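The values are calculated or read from the model by the stated rules, or taken from the named source; none is laboratory data. Here the structure is a predicted model, which means the values were calculated and not measured. Here the Cβ is made from the backbone with ideal geometry for all residues, glycine too, and neighbour counts use every protein chain on show. Accessible surface areas use protein heavy atoms only, side chains included; no ligands, DNA or RNA. Shrake-Rupley method; radii C 1.70, N 1.55, O 1.52, S 1.80 Å.
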Amino acid sequence: MPYDMKRHPRPDTQSAEAARVGEELRDARLALGVSLEEMADELRINRRYLAALEEGRVRDLPGIAYATGFVRSYSQILGLDAPEMVRRFREGAGVAAPAKDLVFPEPVPDRGVPAGAVIMLGAVLAVAGYAGWYYWSGSTRTAEEVPALPPRLEQSAREAGLPPLPEVTPPAATPPASPAPATVLPPGGTT
């Protein structure tokens, strides 16, 4: 005899509580005078899943999470106590009730430097850098003493017929006078 691959109904091994929940759903639907097809259209749940719920066939449902949602939606639309029906269905299907007191871990505090402190430190450094640059580049420095020309350059200047350079004295504590216009000598040395 060849093995038949067709799906055969499995024996129902679920508890009687899931079947009682299904019976209550069917009785409430019939009391409203609504057909299974109309209810399936209203809930947008496949008719075969609603039939499996009403008959207590948990194994024919797509999964316990879906089945629980089907029971909740079906109970609500029929005006039944949905949380109680879901609790009874889950117990009948052999699913443990979810833990009531869930403990979530606390987030780990950030251990880095706060962003505000980094921005403030950057701003302080930028202002200090600008102030330093302004102070050092804005001040005028005068040489206290200009060194004399090396003898070799002085001799070359005399041979070329250039007049000797005047002696430079350091400026006094008085403010500098306006500079005199400079005269540029032509290469012959005379004007």
Could you check segment 49-93 and list, in sequence order, the residues that are open to solvent by less than 60 Å² (accessible area, probe 1.4 Å), among the acidic types (Asp, Glu) and under 20 Å from GLU38 (Cα atoms)?
GLU54
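Say we look at segment 82-112 and pick out the residues that are of a type in the set (Asp, Glu) and at pLDDT 80 or above; which of these is nearest to the chain's Cα centre (by Cα)? Don't jump to the end; show me each part of the working.
Within segment 82-112, the subset of a type in the set (Asp, Glu) is 84, 91, 101, 106, 110.
With at pLDDT 80 or above added as a condition, the list becomes 84, 91, 106.
Details: GLU84: 40, GLU91: 41, GLU106: 19 Å.
Top of the filtered list is GLU106.
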Let me spell it out: the conditions are (1) charged (D, E, K, R); (2) surrounded by 10 or more Cβ atoms within 10 Å (Cβ to Cβ); (3) at pLDDT 90 or above, and ARG44 meets all of them except one. Which number is the exception?
(2)
What are the pairs, 6+ residues apart or on separate chains, where a residue within segment 44-68 that is on the phi > 0 side of the Ramachandran plot has its Cβ under 7 Å from a residue that is of a type outside the set (S, T, N, Q) and part of a loop (DSSP other than H, G, I, E, B)?
GLY56/ASP12
For segment 41-67, the count of residues that are of a type outside the set (A, V, I, L, M, F, W, C) and over 12 Å from GLY22 (Cα atoms) equals 11
